[in-house]
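Below is one structure; the comments refer to it alone.
The numbers here are math on the coordinates, done by the rules we state, and not lab data. For clarity, every value in this text was computed on a predicted model and none was experimentally measured. Note: ideal-geometry Cβ built from the backbone for every residue, glycine included; neighbour counts use all protein chains shown.
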């Protein structure tokens, strides 16, 4: 790739394994699971999903769909989390729109219990749920559901570049084998 690519103010050119007209996919600095990648618009002034132009939006979601299929195939994932944290109050820590694609496996899943948890949630329960959450240790108490931040280690530029090159080659083969791309 000849032009530098930025994720907000961070130079990420060597982490990129796919680039389209308006978007790119890159390996994650601190992945939750192997294969945890990000989809990002090339235009760094896009902070929120609503900031995409119509053309960028179509390209962004086409890129997301392609990479979604590829990551699920490549990592033999049973499912994927697709997450956009749209704004700081939603947990967005880098002011540049990005979508997390995280491979998930049956062995690490809570299954349909997620629906029970969603069904039982009530806005008037918020103070009690917040207190319960804090009594369980807040974010640290959620270790059983996701890899905690302290276990997510920043990777070296070299390891991310190597992974990006391997994914780029594997994605090229995937696209050749799947004519819809």
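Can you report the number of residues in region 36-67 which are part of a helix (DSSP H, G or I) and buried (at least 18 other Cβ atoms within 10 Å of the Cβ)? Lay out the reasoning, then the answer.
Filtering region 36-67 for residues part of a helix (DSSP H, G or I) gives 49-51, 54-67.
Then keep just the ones that are buried (at least 18 other Cβ atoms within 10 Å of the Cβ); that gives 56, 59-60, 63, 66-67.
Matching residues across region 36-67 total 6.
Could you grab me the full set of residues in region 68-91 that are over 16 Å from residue 36 (Cβ atoms) and in a loop (DSSP other than H, G, I, E, B)?
Residues satisfying the conditions are 86, 87.
Could you grab me the full set of residues in region 15-35 that are surrounded by fewer than 18 Cβ atoms within 10 Å (Cβ to Cβ) and under 22 Å from residue 180 (Cβ atoms)?
Residues satisfying the conditions are 19, 20, 21.
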